[in-house]
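Below is one structure, written out as structure tokens; the observations come after it.
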Amino acid sequence: TMKTYSKQFDKIEEKKMVNAKEAAMLLGRNVSTIHRWKNSGYLHHRSVGGRDYFYMDEIKDLTSFREVS
């Protein structure tokens, strides 16, 4: 339901970094797009234990940009 989704979104927004799946959900994109953006340098990341994590501040900036466009 929408209430459950909203709760999960709020919980994710509190994090400083998110994984590719969370980033994709927040940006309304596919995980493969997130990895393509990472590989092109459009989206910055940090690898920890072989997994990629993305900066929540940058995700928020991109969502704000998408709302204006």
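What spacing in nm lies between the two simple spin-label points modelled at T33 and D61, each 7 Å away from Cα in the Cβ direction?
Using points 7 Å along Cα→Cβ, the separation is 1.9 nm.
With a 1.4 Å probe and all protein chains kept in place, how do R29, R36 rank by accessible area, largest first?
Numbers: R29 100, R36 135 Å².
Order by accessible area, largest first: R36, R29.
The values are calculated or read from the model by the stated rules, or taken from the named source; none is laboratory data. Quick caveat, the model's predicted, so the values are computed rather than measured. FYI the Cβ positions are ideal-geometry reconstructions off the backbone, even for glycines, and counts take in every protein chain you see. Protein only, heavy atoms only, side chains kept; ligands, DNA and RNA dropped before computing areas. Shrake-Rupley method; radii C 1.70, N 1.55, O 1.52, S 1.80 Å.
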